[in-house]
């Protein structure tokens, strides 16, 4: 498939925002049960606003994937009308709902209004906990919807696996918790070790999960063949031409037009940037109380995730390329 940078920015930006919201709510839940020091509302307010900015940036990037971005306001609603059958429609619905709940979560912390819902409950600040729970559920639903857009396409065998959804969840969470580590070192240093531990764990698990997907995809047995593509059963078929004089939408959008050497280079580079380098940077940054290392870990990991997403699309082999393979 041809990687579209608008979709690459969309999925990586909203993934980081979703992960950051999960990180904030995790710390608040621990603090509500007196397992972590309580933080000021400012910490959660600015953190939630940062998550909201990342979600909004992803939404803005998605506009440039439209054929005519100017139609976004007048025709975007039509994309949500097929929510009964389309995961893309469900994502389009889930994203603004998530943004609304994150905004409410930030507003409640900013206002300081946080009464107890249940007087005998063990947790303190139950209104914000309720808002955080709803926002976290929306975040998880958005992760699932985004991943299922691709996992549900059965004829693209590289995507048609539960690992696609799992990787969207883990990679977004990894970048969000890595960002939370750097953010907490600035706003709440006592939480740096907590976030660093989670960031290391999630990044390691994400590396294992993404590696499993790479291993699986390298051993796919193709369901489509040149024989099935053109309906001829002859054992030896070799294409000499693509069947037309020039390029077309099919040849532009369903193939990346890059060599195997570049794909292999991108694969090793994203593994290095998204997983191998952030792990020691997070550990050293938290151990040495170094904000620069922690922020560098997020920036490097985010760049690695952009390359990972490019490779995710480029590696996908549309069956129609069996027919248009010679250009």
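The values are calculated or read from the model by the stated rules, or taken from the named source; none is laboratory data. Because the structure is predicted, anything quoted here is derived from the model rather than measured. Ideal geometry is used to build each Cβ from the backbone, glycine not excepted, and the neighbour counts take in all protein chains shown.
Taking only pairs six or more apart or across chains, which ones have beta-carbon atoms under 8 Å, a first residue in the range 238-251 that is more than 16 Å from residue 227 (Cα to Cα), and a second residue that is at pLDDT 70 or above and exposed (fewer than 13 other Cβ atoms within 10 Å of the Cβ)?
Sorted first by the residue in the range 238-251, then by its partner, the list stays empty.
Output the qualifying pairs, or none if there are none: Cβ atoms under 6 angstrom, residues six or more apart or on different chains, first residue in the range 210-221 and modelled with pLDDT under 90, second residue outside any helix (DSSP H, G or I).
220/157
For residue 53, indicate whether it is in a helix (DSSP H, G or I), surrounded by fewer than 24 Cβ atoms within 10 Å (Cβ to Cβ), free of Cβ contacts under 8 Å to residues at least 40 places away in the same chain and touching a helix residue (DSSP H, G or I) at 6+ places or on another chain (Cβ under 9 Å).
Values: in a helix (DSSP H, G or I): yes; surrounded by fewer than 24 Cβ atoms within 10 Å (Cβ to Cβ): yes; free of Cβ contacts under 8 Å to residues at least 40 places away in the same chain: yes; touching a helix residue (DSSP H, G or I) at 6+ places or on another chain (Cβ under 9 Å): yes.
So residue 53 passes the test.
I'd like to check something: does the range 182-198 contain any residue that is crowded, with 20+ Cβ neighbours inside 10 Å and within 16 Å of the chain's Cα centre (by Cα)? Steps first, answer last, please.
Going through the range 182-198, the residues crowded, with 20+ Cβ neighbours inside 10 Å turn out to be 182-185, 188, 191-192, 194-196, 198.
Filter again for within 16 Å of the chain's Cα centre (by Cα), leaving none.
Looking for residues that are crowded, with 20+ Cβ neighbours inside 10 Å and within 16 Å of the chain's Cα centre (by Cα), one finds none in the range 182-198, hence no.
Just to check your reading of the model, which residue among 161, 133, 146 is buried (at least 22 other Cβ atoms within 10 Å of the Cβ) and either over 22 Å from residue 62 (Cβ atoms) or under 22 Å from the mean Cα position of the chain (by Cα) (or both)?
Result: 146 is the single residue among 161, 133, 146 that is buried (at least 22 other Cβ atoms within 10 Å of the Cβ) and either over 22 Å from residue 62 (Cβ atoms) or under 22 Å from the mean Cα position of the chain (by Cα) (or both).
Select, from 26, 42, the only residue that is surrounded by fewer than 24 Cβ atoms within 10 Å (Cβ to Cβ) and either free of Cβ contacts under 8 Å to residues at least 40 places away in the same chain or under 23 Å from residue 95 (Cα atoms) (or both).
26
Right, residue 204: touching a residue at least 24 places away in the same chain (Cβ under 8 Å), buried (at least 20 other Cβ atoms within 10 Å of the Cβ) and over 17 Å from residue 288 (Cα atoms) or not?
Considered against the rule, which asks whether it is touching a residue at least 24 places away in the same chain (Cβ under 8 Å), buried (at least 20 other Cβ atoms within 10 Å of the Cβ) and over 17 Å from residue 288 (Cα atoms), residue 204 comes out as no.
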